[in-house]
1. Using a ≥ b ≥ c from the Cα gyration tensor of segment 48-93 (square roots of the eigenvalues), is it rounded, prolate or oblate, where a/c under 1.5 gives rounded and otherwise the larger of a/b and b/c decides, a/b for prolate?
2. Please give the solvent-accessible surface of D28 in Å², to the nearest 10, using a probe radius of 1.4 Å with every protein chain present.
Amino acid sequence: PMTANQGGYYPFYLGTNMPLAIDEVEEDMFGQFFPNPATNRASVRINMGNGMQYKVQIIDMMGRVAHTATLDASGDILYNIDTQKLGNGIYNVVFTANDGTRVVRRIVVK
């Protein structure tokens, strides 16, 4: 661990022994963005099951929120992001469910 503010710590991992940050069930529901890197648009396949609601945030590498949306659907969907509105760089797309579970996908915009 690394020392953090308020006496806490930040864990970091070397190699492949990093624990899963989310439930495996959630992980299986989300694919990876394609094409990646993207120029105009990127898409990801999501299995929303019987219906879920997610807050979607696109966050740049400086931690700034570039876009926020709400995803409310059911079944298998294709979620699209218009990357023309984003500057070149690397972004984390964070899907947060109502119960607090999060799924993070990375996308490169060129």
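The values are calculated or read from the model by the stated rules, or taken from the named source; none is laboratory data. What you see is a predicted model; the values in this text were computed from it and never measured. Keep in mind that these areas ignore ligands, DNA and RNA; they rest on the heavy atoms of the full protein, side chains included. Shrake-Rupley method; radii C 1.70, N 1.55, O 1.52, S 1.80 Å.
1. It is prolate, given that a/c is not under 1.5 and a/b is the larger ratio.
2. 130
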